[in-house]
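Asks: This structure is in structure tokens; I'll ask about it shortly.
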Amino acid sequence: MKSNSISSLILVGGLSLVLFFPLVVTDSIFFPFVVGRSLFSMIIVEILFLIWFFLFLKKKINLSGIFSPIFYSFSAFLTVVILSDILGVAPMTSILSGYERMEGFILYFHLFLLFILASSLLSSTQLWRRILLISVGISALISTSEILKFFAGANSGRVGGPFGNPAFFAIYLLFHIFFIFLIAFRMWGEGELRKKYKFFGIFFLLIVEIFALYKTATRSSLIALVLGLFAAFFIWLVSRKSGKSKIITAGITVTAIVALFFSAFIFLKNSAPITSPTLSRFQQFTQSDISSNPRFLVWQVAWQGIKERPILGWGQENFPLVFEHFYSPKLSLQEPWFDRVHNSYLEWAVSAGLLGALAFTAFVVSPFFVLWRKREGEFTFPFDERVIFTGLLVAYLVNIFFVFDTLAGLVPLVFFLAYLSSQSSSGSFTSSLSPWVRRILASFAVLLVVFGVFFYSRVAVAGKSLLLAITPPEITQVHNRETLFKRALTLTPFDKGRVRQAITEFSLSVAHKEAIPEAEEMAIFELAKAELVRETEEHPDIVKNFIFLGNLLRTYGENEQAIANLSYATELSPSRKNIRKILGDMYVEEERFDEATMEYKTLYELESFFDVNDQTYTFYIDNALADYVSALIRAGRKEEAEALLLARFGTKLWTRPEVINAYVLAGEYHTAVALWEMVVEEFPEDPQNLFSLAAAYAKVGQSAKAIQTLEDAVIRHPSVKDTAQYYIGLIRVTGALPIQ
């Protein structure tokens, strides 16, 4: 195809347009940082591919730039992935994904199409340079904007850019920092950097991008950048030496980088608290127990899932099932739900099994082979590209060891791989199909694109309706929310679970608050209830559904059904502490103390997975123990409660408010008196403690002590004189006080 033809200009222009994907943020659609950007990218790719395919059938496009080890490994990887998705636990979810991520097989298929388009169309070095400059220009625009916001005080925390997530922004910046280094190397080789304005321009651009990356405070990307630059420097340095000097140079360089990391680790571990958001995150890691780090805990969960389905895995988007099935109680202090492993290698091992992990590894490692392969004794790529791109690949492989891939990193990766493929492929292929086969394929391609446009339209309309429906009433009044919710349910092409969850969350947010008319509130509650029931029937193995349904029913007073659903949730995920807490509280409310005791006992045992002497976890362990002891007291099992306290603290008395209240409600007033005496001795500055002690004295018939305590309260706290005198009068008349 001629480079100056209209078709060529449209296709190359369309590929350039894909690079603008970071700027697409759709505030009017559910998950604005994800949905609109994904739709934008996939629609453009489909339209471009349709044009490209027709030109290919007419023999106007040669596939000479496609066939390379990267293409073959990419194809093999996708083959394993689609097999794992089809044979996985939720095929449609694996293929189509959902609003929150917009990934699944459909995204990777579009990335494969993008790879084919870019590697076959951008055959000349000049075109690739234009693409590189456009991409770097967009990245520079974003970085500059974020830095200006930072210095203007608009963003004092971690910088997430237009991606809404610092880790996603970081991987995008990581690619472009290496792209800028490549531009700098080329300009140096061409003598362009001798011009001061170009030198300072490139230098400023690098500083802006690196500073933006630093402000994301993404540890994995910063470490990846250092190691990637080190790898590039190492290759450059070693290539300039020969014989023994090469070995010596390599040894010194490796020793230096190891010493650098070790010194940084020791410094951060032993230094005083650092105020820098970025450095403090590194310090937090060096001073924490790795065994309780949430990322490592999630990796352990992932490994259990891999062992359960080792060959082809669970299918994409199904890690939540693995997470619940092998849930670790130690994760309760972190996010309540993890839908990703935060390690791309383990992610693919869970999603596509060990075959998928092997195929993925082969795919991301294949560029090294392409870069360093010789043909007829000569390297395909110039030295500067081999050095910089090797550094980039090392950085990428390190980064995805700690995070999962998203569109932010996948689009630059695919363009980068397409460049390597287009410049290294030696094969050639043009269409040689018969006319009727070409017509069938053309019709199929048209239908595929039409279906895609129809699919994406439904995604957009449903997402817009849902976002409008969940708008908080205090922000704006929305009419016919129930209708909007039903429209979103009807139109969404994804699994309805995420829409149902959004309806439930809105129903919970407006419950009993008079934020919307009561009739509308109850209609939305009934809709949420009915849809969640359907969700539990369609997906009886997803614990989140039963927790949401239980909370919803409890909020609206349907306790028996709530308990039934939450109890089933404990069967699905026995280690979920939050479910035990909710069930225990509900049993206490209904004065079913023996059942409450069972739930609180399990909760305490789960909390005891932590070190009871570690101050980080003492708060949570003691909370669970307070619930357990209180329930035992209310159930008339005081001896068991005291035995627990004796084992934990070496005493039978504990001044926790929940425990004191339990003794009062159980009629153990003398014990309550002893505990309030301890509280007053420990916290004499609070007059409320003296009032509570006086009430306890009055309850056991010690009116004189009660009055003396109230008079003492007036002496210590003159401001409570009127209240104390009122209580003294009440004791003299009735002989009692309400327990405080």
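Asks: Only residues in segment 82-101 that are closer than 15 Å to Asp339 by Cα count as the first member; pair them with residues that are outside any loop (DSSP other than H, G, I, E, B) and of a type in the set (Asp, Glu), Cβ under 7 angstrom, at least 6 apart or cross-chain, and list the lot.
Replies: That search, which allows pairs on different chains as well, returns Ser94/Asp85.
Asks: Shifting gears a bit: Of the residues Gly137, Gly189, which single one is surrounded by fewer than 14 Cβ atoms within 10 Å (Cβ to Cβ) and more than 28 Å from Val45 (Cα to Cα)?
Replies: So the residue among Gly137, Gly189 that is surrounded by fewer than 14 Cβ atoms within 10 Å (Cβ to Cβ) and more than 28 Å from Val45 (Cα to Cα) is Gly189.
Asks: Let me ask something additional. With aliphatic (A, V, I, L, M), closer than 26 Å to Phe56 by Cβ, surrounded by fewer than 21 Cβ atoms within 10 Å (Cβ to Cβ) and modelled with pLDDT of 95 or more as the only criterion, which of Leu433, Leu397, Leu410 stands out?
Replies: Exactly one of Leu433, Leu397, Leu410 is aliphatic (A, V, I, L, M), closer than 26 Å to Phe56 by Cβ, surrounded by fewer than 21 Cβ atoms within 10 Å (Cβ to Cβ) and modelled with pLDDT of 95 or more, namely Leu410.
Asks: For segment 60-179, give me every one of the helices (runs of 4 or more DSSP H) that falls completely inside it and has 2 or more residues that are within 29 Å of Gly497 (Cα to Cα).
Replies: Helices (runs of 4 or more DSSP H) meeting the threshold: 69-86, 91-96, 104-121.
Asks: Would you mention how many residues in segment 694-712 are more than 13 Å from Ile731 (Cβ to Cβ) and surrounded by 18 or more Cβ atoms within 10 Å (Cβ to Cβ)?
Replies: 0
Asks: Also: Hey, among Asp405, Asp384, which residue is assigned to a helix (DSSP H, G or I), surrounded by 15 or more Cβ atoms within 10 Å (Cβ to Cβ), at pLDDT 80 or above and of a type in the set (Asp, Glu)?
Replies: Asp384
Asks: Hey, another quick one. So, restricting to helices (runs of 4 or more DSSP H) that lie completely within segment 628-740, which ones have at least 1 residues that are over 48 Å from the mean Cα position of the chain (by Cα)?
Replies: Where helices (runs of 4 or more DSSP H) fall fully within segment 628-740 and carry at least 1 residues being over 48 Å from the mean Cα position of the chain (by Cα), they are 669-682, 687-699, 703-716, 721-734.
Asks: Working only within segment 33-50, note down all residues that are in contact with a Gly (Cβ under 8 Å, 6 or more places away or on another chain) and free of Cβ contacts under 8 Å to residues at least 60 places away in the same chain.
Replies: Selection gives Ile44 alone.
Condition check ((1) of a type in the set (Asp, Glu); (2) under 27 Å from Ile51 (Cβ atoms); (3) touching a Pro at 6+ places or on another chain (Cβ under 7 Å)) across all residues:
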| site | (1), (2), (3) |
| --- | --- |
| Leu114 | no, yes, no |
| Ser124 | no, yes, no |
| Ala140 | no, no, no |
| Pro162 | no, no, yes |
| Asn165 | no, no, no |
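Asks: From the residues in segment 54-87 that are crowded, with 22+ Cβ neighbours inside 10 Å and among the aromatic types (Phe, Trp, Tyr), which one is farthest from Ser119 (Cα to Cα)?
Replies: Across segment 54-87, the extreme among qualifying residues is Phe77.
Here is a yes/no grid of residues against (1) touching a His at 6+ places or on another chain (Cβ under 7 Å); (2) of a type in the set (A, V, I, L, M):
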{"residue": "Val673", "(1), (2)": "no, yes"}
{"residue": "Phe683", "(1), (2)": "no, no"}
{"residue": "Pro687", "(1), (2)": "yes, no"}
{"residue": "Ala695", "(1), (2)": "no, yes"}
{"residue": "Lys699", "(1), (2)": "no, no"}
{"residue": "Leu710", "(1), (2)": "no, yes"}
{"residue": "Arg716", "(1), (2)": "no, no"}
{"residue": "Ser719", "(1), (2)": "no, no"}
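Asks: So is Glu514 over 15 Å from Gly550 (Cβ atoms) and at pLDDT below 95 or not?
Replies: Criteria met by Glu514.
Asks: So, one more: Output the helices (runs of 4 or more DSSP H) that fall wholly within segment 272-379 and possess 1 or more residues being more than 30 Å from Ile621 (Cα to Cα), of a type in the set (D, E, K, R) and in contact with a helix residue (DSSP H, G or I) (Cβ under 8 Å, 6 or more places away or on another chain), or say none.
Replies: By residue number, 294-308, 344-372.
Table: residues versus (1) modelled with pLDDT of 90 or more; (2) farther than 30 Å from Ile207 by Cβ.
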{"site": "Ser64", "(1), (2)": "no, yes"}
{"site": "Pro69", "(1), (2)": "yes, yes"}
{"site": "Ile106", "(1), (2)": "yes, yes"}
{"site": "Phe109", "(1), (2)": "yes, yes"}
{"site": "Thr125", "(1), (2)": "no, no"}
{"site": "Ile138", "(1), (2)": "yes, no"}
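Asks: What about Leu117, is it assigned by TED's automatic domain parsing to the domain that holds Phe389, over 26 Å from Arg309 (Cβ atoms), surrounded by 17 or more Cβ atoms within 10 Å (Cβ to Cβ) and in contact (Cβ under 8 Å) with a residue 12 or more places away in the chain?
Replies: Yes, satisfied.
The values are calculated or read from the model by the stated rules, or taken from the named source; none is laboratory data. In this text the structure is predicted, and so the values were computed from the model without any measurement. Cβ sites come from the backbone with ideal geometry, for glycine too, and all protein chains shown count toward neighbours.
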